[in-house]
Amino acid sequence: MEHNRDTAHSPDVAEMRALYRAAEARAARLRFIIETRTLLDAQAFETAAPEVLSRLADFAGATLATLTFPSQQGKTPTQLAIGKPTANDTMLFASEEGSALSLTLIGAPRARAIDADDRKTLEVVAGQLADACHLERQAAEKQALLGDLERQRSELAALVAQLIQAQEQERQRVALDLHDGAAQLAAGLSYRLQDLAARIGEPHALKPEIDQLAALARRSVADLRAAIADLRPPELDDLGVAAALRTRLDAIDGMEVVADLDAGADRWPASTGIIFYRVAQEAITNALKHAEASRLVVRLFEDGAGQAHLEVIDDGKGIGEARHPEVQGRGARLGIAGMRERLALLGGRFEIGAGVSGGTHVRAAAPLKQETAG
């Protein structure tokens with residue numbers, strides 16, 4: 001009777017053993033998938049792919065495993081192969097047609113049976129290979145695009161520097177022409193009129209008119225010299241933007257002027273210093289001509305993020321574009337457009353609006369970039 005009970009329970013033992021073997025097989029397949037994913041995540045695709053292909057060949061009992069994936073820029077697809085086929089080999093596994101990456105396994109037809117679970121495992125690993133290949137190609141393409149973008153930025157920075165240099169050279173040429181031409185003629189006229197007034201004496205009827213003409217000539221000389229200095233201030237070349245701005249502000253009379261100028265700005269790239277000086281020059285001119293202000297504040301500094309900043313604040317009646325269009329003349333509008341265009345050359349931004357307690361607040365900012373020599 002005992003023997004009969006053991007015999008009755010023997011099918012249950014066999015079933016348990018079969019279930020155990022199936023569970024072990026599933027666990028082995030899962031480990032294989034996880035290990036493959038870990039390998040692909042830890043290494044570059046070109047390094048990990050041969051190892052994964054070798055493991056696939058071992059898993060399927062294949063004599064030859066091949067992996068074909070498309071090359072970049074439309075070149076011939078790249079193929080990786082592990083093992084050597086024999087005369088009687090047959091196809092054990094091939095990834096689905098139309099896949100970006102093609103995996104094939106070749107081996108003896110009876111060497112190892114590829115069941116449905118094995119095939120599913122191979123398909124999962126083939127998908128992992130395709131994903132890893134795609135991600136690496138995307139990363140390479142992104143890196144190439146970033147490299148192209150950086151080169152374009154460098155080229156643009158060099159072109160901007162050349163453009164600014166050309167503009168400043170033209171300003172310098174005009175300044176020299178004025179100095180050697182109109183300014184000399186006006187100065188000569190002023191001296192001749194003064195000499196004429198001295199020679200004809202006080203009783204002469206034309207003496208008052210000659211004195212007025214001499215005064216106009218002297219004023220013309222002063223205006224021409226101021227224009228020459230604005231066209232190309234020598235301090236901008238010799239000392240830098242902060243020093244040039246301080247000289248400009250020191251020359252302002254009849255208004256309280258506060259200059260908060262970081263001396264470190266004198267070491268900014270030449271193109272940045274020139275453009276910030278021109279923007280400040282225009283903003284200061286607008287404040288003097290249009291704002292009817294009693295106080296002017298000019299700040300120039302660099303923040304911790306490598307951005308150059310300029311602020312020009314007055315307490316006048318305001319010339320903000322949006323809020324006070326009626327107080328702007330054509331010259332002021334052109335000046336604002338010029339400031340915005342100059343900042344755009346540096347990839348910067350320009351803002352103009354009402355100050356906290358009235359008046360006008362001009363803000364300018366741009367990234368500080370080292371110029372490329374060339």
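The values are calculated or read from the model by the stated rules, or taken from the named source; none is laboratory data. Everything quoted here is computed from the prediction, not taken from an experiment. Neighbour counts run over all protein chains shown; Cβ positions are idealised from the backbone, glycine included. The protein model used for the area step is the full one, side chains on, heavy atoms only, and it has no ligands, DNA or RNA in it. Shrake-Rupley method; radii C 1.70, N 1.55, O 1.52, S 1.80 Å.
Here are the numbers:
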item	result
Enumeration of residues in region 131-165 that are within 21 Å of I274 (Cα to Cα) and open to solvent by less than 50 Å² (accessible area, probe 1.4 Å)	S154, A157, A158, V160, A161, I164
Region 321-369 - residue that is of a type in the set (D, E) and modelled with pLDDT of 80 or more and, of those, least open to solvent (accessible area, probe 1.4 Å)	E351
So A130, is it farther than 30 Å from W268 by Cα, small (G, A, S), at pLDDT below 90 and in a helix (DSSP H, G or I)	yes
All positions within region 35-49 that are assigned to a helix (DSSP H, G or I) and of a type outside the set (G, A, S)	E35, T36, R37, T38, L39, L40, D41, F45, E46, T47
Residues (within 49 Å of the chain's Cα centre (by Cα) and more than 22 Å from A116 (Cβ to Cβ)) located in region 53-63	L53, S54
Selected residue [surrounded by 13 or more Cβ atoms within 10 Å (Cβ to Cβ), free of Cβ contacts under 8 Å to residues at least 60 places away in the same chain and within 30 Å of I274 (Cα to Cα)] from A197, A227	A227
Close pairs (6 angstrom Cβ cut-off, 6 or more residues apart or separate chains): acidic (D, E) in region 349-363, surrounded by 15 or more Cβ atoms within 10 Å (Cβ to Cβ) anywhere	E351/R363
Some residue of region 111-127 being outside any helix (DSSP H, G or I), surrounded by 11 or more Cβ atoms within 10 Å (Cβ to Cβ), at pLDDT 85 or above and of a type in the set (V, I, T)	no
Test: residue in region 271-288 that is over 27 Å from A166 (Cβ atoms), at pLDDT 85 or above and over 23 Å from the mean Cα position of the chain (by Cα)	yes
Counted residues, region 289-305 - those being of a type in the set (G, A, S) and at pLDDT 90 or above	1
